[in-house]
Each structure stands twice: as C-alpha cells, then as structure tokens.
Amino acid sequence: MMNKKTDVLVIGAGLSGMMAAARAAQSGKKVTLLTKGMGTLSLTSGCIDLWGYEVDNPKQPCGSPFAQIQKVVEQNPSHPYAKVYDVLKESLTFFQGICDKDGLTYRDNGGENWLLPTAVGTLRPTYLAPTSMAVKDLNKVKQIVVAGFDELKDFYPEVLVTNLKKSKLLRPDCELTVAHLKSGWKKLYATSLAHRLEQPEGQREVIRQLKPLIKPGAIVLFPPALGERRDIDVAGLISKGLGCPVYEVTNLPPALPGQRLQDLFLKYLKNQGVTVILSSTVTGAQVAGNRCSHVTAEGAGKTFTISAQTYILATGSFVGGGFDSKPGQIEETIFGLPINTGDGKWASGEFLSLKGHPFNRFGIDVNDRLQPVDGQSKVILENVLVTGANLAGSEFSIEKCGNGVALASGFKAGKLAGEVSR
Amino acid sequence: MTQKHDKHLILDNCIKCSICVANCPVVKVTDKYAGPKQNGPDLERFRLDEPRAVHPSIEYCSNCKTCDVVCPSGVNVSAMNCKAKGEYVALHGAPIRDQVLGRVELICKAAQIAPALVNWAANVKPFRAIGEATFGVAADMPFPRFASRTFLQQYKPKKINNPKGKVLYYPGCYVNYYTPQVGLALAEVFAHNGIEMVVDSFNCCGLPTVSNGLTEVAKGYARNNVAKLNSYIEKGYKIITTCPSCNLTLRQEYHELFDMDTVRINNETYDAFEYLLMLHEAGKLDTRLKALPQRFGYHQPCHLRSVGFGIPSLEILRLIPQLEVHNLEAGCCGLSGSYGFKKEKYPISQEIGQNVVQAIQEAGVTQNITECGMCQLQINHLSGLPIHHPIQLLAEAYGLPSYLPK
C-alpha cells in the first residue's frame with residue numbers, strides 16, 4: 001500500500017481546515033489537505049460571524065462581538081472561544097490578508113457588527129462582510145429596490161420587502177420597491193444567474209430593466225449571485241450603470257459569496273505549495289501510545305496511508321461528516337475520539353428554541369493547545385489537533401460563533417503545527 | 001477499499017445541501033439541464049419503485065463527476081445519473097449519432113482500414129457541415145487525428161533483467177489509436193526504471209458507451225475486461241493506465257454501475273504516475289533527471305480528480321530541475337468525451353471551457369500538459385496551444401525518446 005509523507009495533514013476543507021493549512025504553510029511546513037467533499041464553506045453566506053446577540057439578551061443583536069466573546073470566555077471556560085481567544089484578532093487579520101491579496105476585500109464595521117439584510121428581510125448581525133454585501137448606512141437610505149428574477153427559485157422579493165419594512169432601522173419615509181426582472185432563461189440557479197451577469201449583455205439587460213425604478217438616494221439589493229469570478233466586479237459594474245450602490249443579500253445555497261471564498265482559499269493554498277487531495281475520505285488511524293503514526297485514506301480509487309508529524313482534525317462535525325450518529329449513539333469517525341454529549345439530551349422540545357439544541361454543542365473536548373482530552377483532562381493524542389465545528393461547547397446556530405471559532409481554532413492549530421520541530 | 005452495496009443508504013445520505021448544484025459546470029451555463037441533485041438523488045427516490053422516473057434533461061449531464069467530488073456525504077450522484085441515462089435510452093432509444101459516438105472502439109477499428117483517408121475526410125468542411133445537418137455532429141469541433149500505426153502495432157516489449165516490477169499497460173482507445181507516443185514514452189520510462197511492461201488487446205473501457213446511455217454494450221465490454229485483467233493480476237501484474245477515464249472506469253464504474261466485484265482490480269490498478277510515485281516513495285525511482293528550463297500549464301482532468309488521489313504527476317514532475325509547471329486550477333474543460341461533439345451541446349462545452357482559456361491567459365503559458373486525451377483535444381481547440389501528456393516530459397528529462405515534437 002502506498003504511503004505518503006507530509007509534515008502536517010489537515011483533514012477537511014472548511015474554513016478551519018483551510019486556515020490551519022494556510023498558517024502551517026506559512027511556517028514552512030509541508031502541508032497536505034485532504035477532503036472528502038468540497039468543504040461546507042461554499043454553502044455558507046460568505047460573511048464572517050463572530051458573535052451575533054447579547055449573551056444576556058439573546059433577542060438583541062450585539063454591537064461589538066468582542067465584548068460578548070470576552071464575557072463568554074470569562075463565564076464559560078469550556079466554550080471553544082476560551083481555548084482560542086488569544087489568537088482571535090490575529091487570525092482575523094491573517095484571514096483578511098489572504099482575501100485582500102486576491103481582491104476579495106472583507107470589511108469590518110469599525111469594531112461593531114454589521115446588520116445586513118437577508119433574503120427574507122431580516123437583519124443579520126455579522127462581523128466581516130465582502131464589499132458586495134456590506135450595506136453602508138442602511139438607516140439613511142431613501143429607497144431600497146429589491147431585484148428578484150422570475151426564473152430564480154429561493155428568492156422572493158416580496159418576502160424580503162414585507163419583512164424589511166417592519167425594521168425600525170430604516171427611515172420612516174424609506175420607500176421599498178419590488179423589481180421583477182426577466183432573464184430570458186427557462187429557469188435559473190444562483191450559479192447560472194451569476195454566470196449570465198458576468199457577461200456584458202447580462203448586465204445591460206438588468207440595468208435596462210432596473211433603471212426606470214431608481215430614485216435619488218436608492219440602493220439595490222440582489223440575490224447573492226453577482227458573478228462567480230473574482231476578476232469581474234459585477235456589483236461594481238451594475239452599480240456604475242445604475243448610478244447607485246448595489247449589494248447582495250445572504251440567502252440559501254447555492255450562494256456565490258461562500259463559493260468565492262472557498263475558491264479563493266483553495267487556490268491560495270495550492271499557490272502556497274499545499275498538496276490538496278479532493279474526493280478522498282480518511283477512514284481510520286493507526287495509533288501508538290498517545291500518538292497517531294498514520295491514517296488510512298480511501299478515494300474512489302484505492303486505499304493509501306499518510307503519515308505526518310501533526311494531524312489536524314477539521315472534519316466539520318455532523319454536516320461535514322466528521323461525526324456519525326445512530327439512534328442513541330455518536331462517534332468521531334477517524335480516531336474514535338470521545339464526544340462530549342453533556343447530560344445526554346440531544347434536542348430541545350421546541351424546534352426553534354432560542355436556547356438552541358444540545359446536539360449542536362456535542363463535540364470533542366480539548367486543552368488550550370487544541371489536543372483532544374478525556375474526562376480527566378488527560379491528552380489522548382498529542383499530535384492530533386481539533387478545530388472548528390468539531391470542538392465541544394458552542395451552539396453556533398444561536399450564538400453565530402461558527403466562523404469565528406473556525407478561523408481562530410484553524411489559525412491556532414496551524415500555528416502550533418508549524419512550531420513542531422522536524 | 002471497501003465496496004458498498006446498500007444503495008438505499010447512499011440515497012438517504014443526501015441531505016439536499018445543493019453543493020452538487022452549486023459546483024455543476026453544466027448548470028452554470030445552460031438552462032437545459034435540471035441539475036445533478038434533481039436528476040440524481042431527488043428522482044432516484046422515485047426510481048426505486050419506478051425505473052421510468054427519468055427527466056429528459058438527463059442527456060445534458062456530461063458525466064464529469066464533479067458532483068461526486070464535492071459531496072460531503074458520500075452520495076454517488078453521477079452513478080445515479082449514468083443509470084438514469086441508460087434507463088432513458090432503454091425507454092426512448094438513442095439517436096444514431098449517439099450510438100456511433102459511444103462506440104469509440106468500433107469507430108477506431110473501422111478507421112484502421114485507412115487512417116490517413118479518415119483524417120482527411122474528418123477535416124473537410126462540407127463533409128462536417130453535412131454531418132452536423134444530418135446527424136447532429138458539431139461541425140466546429142475537430143476530431144482527433146488517427147495515428148498511422150496504433151500503439152499496439154508499434155510497441156515492442158523490452159527484455160528487462162531482474163525487473164523491479166511487472167506491469168500490464170492498458171492504453172485505452174485514445175492512446176492506442178490517436179496518441180501512441182504517450183504509450184511509447186511510458187514504455188521508455190518504465191524500461192529505464194527496470195519495470196517490465198506487457199500489453200494485450202482489450203475492449204474499450206466502456207465509458208463513452210455509458211455516457212451515451214448504451215448500458216448493455218458497456219456491460220459486455222466490462223465483463224471481457226474484468227476477466228482478462230484478473231487473469232493478469234493472478235500472474236502478479238499491476239495494471240497501469242495513462243488515461244484517467246479508463247482508470248476510473250476500471251476501478252470504480254464497473255462496480256458502481258453493474259454491481260461487478262472489482263475490489264481486486266481497484267487495488268491493483270494504478271495511474272502511471274501513481275505507480276511511479278510509489279516507486280519513488282520506496283526509493284526505487286531513478287531521480288537523475290536533466291534540467292528542462294520550460295514552463296507548462298497543467299490541467300487536472302475531472303476523472304483524475306474524482307479518483308481521490310491528488311495529482312501524482314505534479315509530484316513527480318517536481319523532481320525535474322528548472323521545470324515550471326503551473327496548475328491551471330480551472331475545473332472541467334467542458335468536452336467530456338463525445339458530449340462536446342454533439343451539435344446541441346457544443347456551445348455548452350465551449351462555454352464551460354472558457355475557464356481554462358482564462359486560466360491559460362492569466363498564467364501566460366504557451367504550452368500545456370494534461371493526462372486525458374479528450375482534455376488535450378479540447379484545450380488545444382480552445383487555446384490553439386500545443387499540449388502533451390506529462391509522461392512525455394518525464395521521458396524527455398531522462399534523455400529518453402519522448403516523442404515530443406521538436
């Protein structure tokens with residue numbers, strides 16, 4: 001059986017895995033990133049959330065996420081942020097640097113969360129947004145035109161307008177306008193719309209239909225489909241044609257902002273010399289004492305092994321396929337690491353409970369160096385580091401901390417892996 | 001490698017996340033295809049009871065297998081689509097064009113009567129215009145040119161004393177009939193490294209027949225190939241391919257589509273560079289390579305990506321001093337075998353391929369390499385630039401005959 005050797009093996013191509021690979025490569029390590037799917041980053045909104053709502057009032061969007069995170073770290077030492085708080089700001093700078101270099105600028109809102117409109121007209125707190133989504137001064141806008149396409153599923157401008165109208169953030173006299181655009185295609189996906197809008201005739205067609213509706217002081221909100229390629233600034237081009245700012249709102253996948261980010265990171269990693277192996281699943285590990293000596297990977301082709309100094313487990317909990325569950329049973333699929341299931345309760349009675357669901361908190365307990373530990377805080381595998389959604393103790397869907405934990409834990413794991421001597 | 005048989009389980013693994021739709025190169029450029037999720041796992045649920053639950057847009061699936069690669073839940077979307085295509089053709093029949101284009105093996109054998117004449121006729125514009133009008137074969141897509149003698153006619157096995165390994169080379173139709181230089185360069189590299197290489201006559205791997213919905217024809221090829229490959233494996237041979245699509249088909253598709261047991265074939269079949277990399281990891285590869293101060297763009301074929309082994313050719317080519325290989329990272333080239341030769345799909349195929357053109361321009365490369373013959377054809381057509389198989393660069397760096405144009 002073939003054995004590949006590398007310094008750092010990152011398993012998983014989500015945000016934390018790619019951050020880990022990027023940071024370890026910066027330390028001069030030979031890095032291999034292996035992933036079974038494309039990574040769920042491409043399914044995300046493309047915005048980076050750190051913390052969404054006040055810890056003491058979960059209905060109130062928070063201003064500075066850092067103030068809330070600090071509170072969390074003090075109150076709850078088992079929250080993943082408590083393990084990675086030391087590198088949080090550093091990891092954000094590192095992330096923004098990578099994106100900036102490739103022309104995908106991520107903007108903060110001066111330390112406060114943005115409140116950005118979603119496809120259903122709610123306002124979503126987020127910390128970093130790409131320029132195409134960072135709606136500035138929503139409270140001063142005189143007209144909001146919501147541009148939907150008749151052939152596009154999953155984006156209904158009336159829904160957006162009806163709900164956004166209820167927001168107290170808008171000027172009382174702010175006019176909301178629904179625009180039904182026609183593409184000439186039988187049906188559209190976000191990706192095919194994006195492709196059409198990259199063509200000059202696609203942009204012209206949109207501008208022609210929208211222009212008569214635009215009044216002074218207007219902005220236009222689009223579904224998140226303003227182009228796929230990063231070398232064509234579709235939002236900028238349409239904005240120029242209309243003479244007013246143009247933005248994408250967050251929506252269900254397929255959504256292009258998340259895909260652009262995924263694509264940017266994968267290309268960045270390859271340019272940094274990281275070996276990326278797609279479509280291969282790590283199915284097991286060989287462990288000697290408290291160290292992993294190699295893992296086994298299965299592609300659609302054959303099985304091979306990879307040995308590394310450090311293994312970074314960025315397999316993304318349930319959605320990414322890192323955890324598998326059966327009735328009453330849950331397992332981490334590669335190392336069989338113990339999963340902290342709290343008091344054993346999986347779900348809240350209420351589907352949309354603001355307390356979230358216990359299963360979202362399920363995960364692997366780690367120490368400050370992100371090594372997996374058992375119930376007595378003893379390190380189980382010293383050369384395995386756990387990142388992102390695999391970490392126990394956070395309710396990402398309520399706290400909106402998923403990206404922040406992924407960024408900081410990935411960065412820290414990559415940094416620690418980079419410090420291991422050969 | 002384990003082979004999983006519970007189809008219901010794989011179907012249930014689909015969580016409808018749409019990542020396959022988000023990454024599908026066909027959906028992006030046309031509204032004629034309903035999408036991998038809709039044609040695959042969504043309709044497959046109905047097909048468990050009613051095999052005829054097939055959407056006509058299934059013919060627009062190019063079988064690039066991007067959906068399989070991107071799925072985080074291990075759903076074999078493309079196999080569902082391939083089977084659905086077969087079901088559709090079984091119900092409605094395939095046009096004569098598809099029946100011919102799918103039978104690559106027959107076309108190639110027939111052309112052997114007079115390859116030069118066929119090459120000439122294939123490039124006569126009025127003939128191609130008639131072909132488009134009558135049969136729906138895109139007039140603007142150039143056919144590959146038949147070699148005057150096939151690889152199997154040209155290859156003379158060399159006697160290796162105390163070989164480090166013995167392999168059976170499965171050249172596939174493209175190398176055998178169109179680019180024998182690839183097989184000849186491989187033979188040189190193997191002989192140089194003390195590997196004994198034998199050949200035999202095989203059927204087409206069957207991928208073009210599968211892609212055209214001619215499932216029964218493909219099954220016949222598969223049965224013959226599996227029996228013959230197994231007889232070599234029993235004698236201790238490793239199976240080597242240079243075509244990623246043949247490789248994937250032998251390793252995975254016979255099992256996924258026809259429920260054949262190919263565990264042993266999967267374990268014993270290697271892409272040529274995968275095999276060389278294994279020799280290298282074991283310290284058995286000659287790494288005395290001369291400098292090649294040149295720059296190439298590299299295109300990763302979709303079916304190589306889907307095998308899940310990374311890009312072994314890039315790892316080996318890194319050993320060549322002063323050679324600069326730029327990974328184009330542009331996704332599918334769009335041709336997908338016979339797909340891009342069909343009149344109604346030619347524009348789709350060309351549109352998908354624009355990503356590759358753009359990447360070549362950005363990289364500023366004037367020559368390219370890729371493992372897949374059909375990708376070579378498309379990228380040459382799109383860019384007008386020369387393109388080769390990476391094994392030819394390795395042969396060149398060894399100072400062996402590389403069959404590169406001088």
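Scanning the stretch B:172-182 for residues that are closer than 13 Å to B:I391 by Cα and under 15 Å from the mean Cα position of the chain (by Cα) turns up B:V175, B:T179, B:V182.
Taken across the stretch A:161-175, residues that are surrounded by fewer than 19 Cβ atoms within 10 Å (Cβ to Cβ), assigned to a strand (DSSP E or B) and more than 14 Å from every other protein chain (Cβ to nearest Cβ) do occur, with at least one present.
Considering (1) closer than 15 Å to A:E248 by Cα; (2) within 14 Å of chain B (Cβ to nearest Cβ), the lone condition that A:L188 does not fulfil carries the number (1). Within the option set B:L328, B:L317, being touching a strand residue (DSSP E or B) at 6+ places or on another chain (Cβ under 7 Å), in the same structural domain as B:V356 (by TED's automatic domain parsing) and over 24 Å from A:M38 (Cα atoms) holds for one residue only, B:L317. Of note, B:A79 satisfies the criterion of being small (G, A, S), touching a helix residue (DSSP H, G or I) at 6+ places or on another chain (Cβ under 6 Å), in a helix (DSSP H, G or I) and surrounded by fewer than 24 Cβ atoms within 10 Å (Cβ to Cβ).
In the stretch B:334-345, is there at least one residue being in a loop (DSSP other than H, G, I, E, B), more than 29 Å from B:L289 (Cα to Cα) and either in the same structural domain as B:C61 (by TED's automatic domain parsing) or acidic (D, E) (or both)?
yes
Remark: B:G206 falls outside the filter, which requires a residue to be within 27 Å of B:Y403 (Cα to Cα), among the small types (G, A, S) and touching a Gly at 6+ places or on another chain (Cβ under 9 Å).
In summary, A:Y268 fulfils each of the numbered conditions (1) in a helix (DSSP H, G or I); (2) more than 20 Å from A:L43 (Cα to Cα) with the single exception of condition (2).
Screening the stretch B:371-384 for residues that are farther than 17 Å from B:C173 by Cβ and in contact (Cβ under 8 Å) with a residue 40 or more places away in the chain and picking the one that is nearest to the other protein chains (Cβ to nearest Cβ) gives B:L382. Go through the stretch B:324-347 and give me each residue that's more than 14 Å from every other protein chain (Cβ to nearest Cβ) and surrounded by 20 or more Cβ atoms within 10 Å (Cβ to Cβ). Listed by number, the residues that qualify are B:C333, B:L335, B:S336, B:G337, B:S338, B:Y339, B:G340, B:F341, B:K342, B:K345, B:Y346. Checking each residue in the stretch B:354-379 for being over 13 Å from B:Y298 (Cα atoms) and within 16 Å of the chain's Cα centre (by Cα) picks out B:G373, B:M374, B:L377, B:Q378.
Just to be sure before I move on: is B:C204 touching a helix residue (DSSP H, G or I) at 6+ places or on another chain (Cβ under 7 Å), in a loop (DSSP other than H, G, I, E, B), under 26 Å from B:A94 (Cα atoms) and not charged (D, E, K, R) in the structure I sent?
Here the answer is yes, as B:C204 does meet what is asked.
Summed over the stretch A:326-362, the residues that are at negative phi and in contact (Cβ under 8 Å) with a residue 24 or more places away in the chain give a count of 16. Being closer than 23 Å to B:E362 by Cβ, buried (at least 18 other Cβ atoms within 10 Å of the Cβ) and within 14 Å of another protein chain (Cβ to nearest Cβ) holds for only one residue in A:Q272, A:Q259, and it is A:Q259. Only residues that are closer than 11 Å to A:L152 by Cα, part of a strand (DSSP E or B) and at pLDDT 95 or above were counted in the stretch A:176-193, giving 2. Entry remark, the stretch A:359-382: residues being in a loop (DSSP other than H, G, I, E, B) and over 18 Å from A:G322 (Cα atoms) number 9 in total. Count of the stretch A:112-160 residues, restricted to those that are assigned to a loop (DSSP other than H, G, I, E, B), among the basic types (K, R) and in contact (Cβ under 8 Å) with a residue 40 or more places away in the chain, is 2. Considering only residues in the stretch B:45-74 that are crowded, with 23+ Cβ neighbours inside 10 Å and more than 21 Å from the chain's Cα centre (by Cα), the one that is nearest to the other protein chains (Cβ to nearest Cβ) turns out to be B:P72. Within the stretch A:52-71, the set of residues being touching a residue at least 24 places away in the same chain (Cβ under 8 Å) and part of a helix (DSSP H, G or I) comprises A:P65, A:F66, A:I69. B:Q154 satisfies every condition listed in (1) in contact (Cβ under 8 Å) with a residue 60 or more places away in the chain; (2) within 23 Å of the chain's Cα centre (by Cα); (3) surrounded by fewer than 17 Cβ atoms within 10 Å (Cβ to Cβ) except (1). In the set (1) more than 12 Å from every other protein chain (Cβ to nearest Cβ); (2) modelled with pLDDT of 95 or more, the condition left unmet by B:L276 is number (1). The residue list B:G297, B:G308 contains one member that is out of contact with any Cys (no Cβ under 8 Å at 6 or more places or on another chain), among the small types (G, A, S), surrounded by 24 or more Cβ atoms within 10 Å (Cβ to Cβ) and within 12 Å of another protein chain (Cβ to nearest Cβ), which is B:G308. Taking the conditions exactly as written (among the hydroxyl-bearing types (S, T, Y), within 21 Å of the chain's Cα centre (by Cα), more than 22 Å from A:R291 (Cα to Cα) and assigned by TED's automatic domain parsing to the domain that holds A:K89), does A:S394 satisfy them or not? Here the answer is yes, as A:S394 does meet what is asked.
Between B:Q350, B:Q358, B:Q354, B:Q367, the distinction of being touching a residue at least 40 places away in the same chain (Cβ under 8 Å), surrounded by fewer than 22 Cβ atoms within 10 Å (Cβ to Cβ) and out of contact with any Cys (no Cβ under 9 Å at 6 or more places or on another chain) belongs to B:Q367 only.
Restricting attention to the stretch A:28-43, does a residue exist that is at positive phi and more than 14 Å from chain B (Cβ to nearest Cβ)? Yes, the conditions are met somewhere in the stretch A:28-43. Of the numbered criteria (1) within 10 Å of chain A (Cβ to nearest Cβ); (2) in contact (Cβ under 8 Å) with a residue 12 or more places away in the chain, the one B:D31 fails is (2). Which one is farthest from the other protein chains (Cβ to nearest Cβ) among residues in the stretch A:230-250 that are under 20 Å from B:A22 (Cα atoms) and crowded, with 23+ Cβ neighbours inside 10 Å? Among those that are under 20 Å from B:A22 (Cα atoms) and crowded, with 23+ Cβ neighbours inside 10 Å, it is A:V249. Meeting the requirement of 2 or more residues that are within 14 Å of chain B (Cβ to nearest Cβ), the strands (runs of 3 or more DSSP E) wholly within the stretch A:296-355 are A:303-307, A:323-326. The C-beta contact set for the stretch B:92-106 (first residue more than 18 Å from B:E344 (Cα to Cα), second residue polar (S, T, N, Q), distance under 7 angstrom, 6+ apart or interchain) comprises B:R103/B:T209; B:E105/B:N203.
The values are calculated or read from the model by the stated rules, or taken from the named source; none is laboratory data. What you see is a predicted model, and the numbers here were worked out from it, not measured in a lab. So basically every Cβ, Gly included, is an ideal-geometry build from the backbone, and we count neighbours across all protein chains shown.
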